[in-house]
Structures are given as structure tokens and as C-alpha cells.
Amino acid sequence: EASVPFCSSVTPPPFFCDDFDEGPLNSATWTPTLDDSGAITLDDASAVSPPDSVRFTLASNASGPCSYASVEHVTSISYEKSVRFAYDVLLAPASAGGFAETAMNGIHISAADGSGGCDYYIIASPTNSRLVCESSAGQDEVPMSQFQAGKWTHVEMVVDGTTAPVSATVTLDTGTPTTTTASSQCSFGELGNVSIGLYCFAQPESIDVRVD
């Protein structure tokens, strides 16, 4: 008997879901951002919902310019409520046994009047992972639970727009939640897009991340 695809099994059905198990990434669903040092592929060697996860890699680039390998799903919904962004991530061990620090996997909130917006994302580090809120008003980084190299970790980010300013809370597996409150730049607008992958970093080591 064939197994039920993960996204078809989620109850209640989410606003958006992709388990990366239906063949090549759909260009109508995901918009890639990629440079010559990066690659985005489907990978059947390791996945939480088989057969595939999506794999992002960046070659070592110690001096810059910064490198990218990410895909973005654009949406447009009011965030005057809580929005939950959940996924599993695997940071492959580097030669030293850890993994290179990288910024990854975020939510962008755009201003309704076009005057600004903000981004919530994670900086994954072997010893100093942070939940970040970045806007034109500045950047706020809050220490959070650490990732382990070579281990699939479930991540849930909840953006709460029921009060102003907007806040975000991230939880790894069943660990202690971490919350950051945004600047006033994030107290209005709509959920602009959700992106997964690796953002701009000039990294001394190569980076290899899978998301499912």
C-alpha cells in the first residue's frame, strides 16, 4: 500500500505545505536565489518525509562577496493573527565536526503602505545560534537553543500579529521557546513571503543544509 504524502496527511490542512516529494521544485511555487558558489537540489539520501528533502549547498568563500542559495514562496495574507512556520532541518557536519555559521530560513513581513518591513530568520551556529529580527530600524538578535551537526531538528517559528509590535517565537524540537519582539517597523503590513535556504554569508567553510 502506498504511503500518504506528508502534506496530504496534515490535519487541518495548512495554508501552504511542500514536502519536496513530488519531483523537481515547482517554479510556480518557489523562486530561487542562487549564485555560482551555491546549489539547490532534491536529495534522497536523507529526509524526514521520504523520499526527498531539499538540499542547499555553498562552497567555501572566506573573503566574499557573500553567497546565496535559497528559495522563496511569495504569499500575501494579513498577519493580524498568528502565523506558524514549521520545518525540519539538517546541518551536515563540516570537516571539523561542527558546521559553519549561517543565516537561514525566514519570514518576511512587508509594510502595507510600502514604507518598510522586517525579516525574521535564524542564524544557526555550533555555539551561538540566534533568532533575528531585522528591519530598517535596526537588528535585534536573541540567543536561542543550539543546533546539533548531523541531526534532524524540528523548528517551529510563530509570528504573532495579534498585538503591536509583532513578535516571533522559535522552538527547536521540544526545547525552550525563544521570543524576540520586533521594532515598530513590524507593527503593520502583511505576510510577504516565506523563504528557506541559506542567505548572504562570506563563509570560511562549505555549508550543506537539508530542509524537509
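The values are calculated or read from the model by the stated rules, or taken from the named source; none is laboratory data. Please read these numbers as outputs of a predicted model, since none were measured by experiment. For neighbour counting, all protein chains shown are included, and Cβ atoms are generated from backbone atoms with ideal geometry for every residue, glycine included. Note: areas computed on protein heavy atoms with side chains; ligands, DNA, RNA excluded. Shrake-Rupley method; radii C 1.70, N 1.55, O 1.52, S 1.80 Å.
Assorted remarks:
- Selection count where residues are β-branched (Val, Ile, Thr), modelled with pLDDT under 70 and either crowded, with 20+ Cβ neighbours inside 10 Å or within 21 Å of Tyr87 (Cα to Cα) (or both), scope the stretch 139-177: 2
- Screening the stretch 30-65 for residues that are among the polar types (S, T, N, Q) and open to solvent by 30 Å² or more (accessible area, probe 1.4 Å) and picking the one that is modelled with the highest pLDDT gives Ser46.
- Number of residues in the stretch 123-138 that are surrounded by fewer than 13 Cβ atoms within 10 Å (Cβ to Cβ) and part of a strand (DSSP E or B) equals 1.
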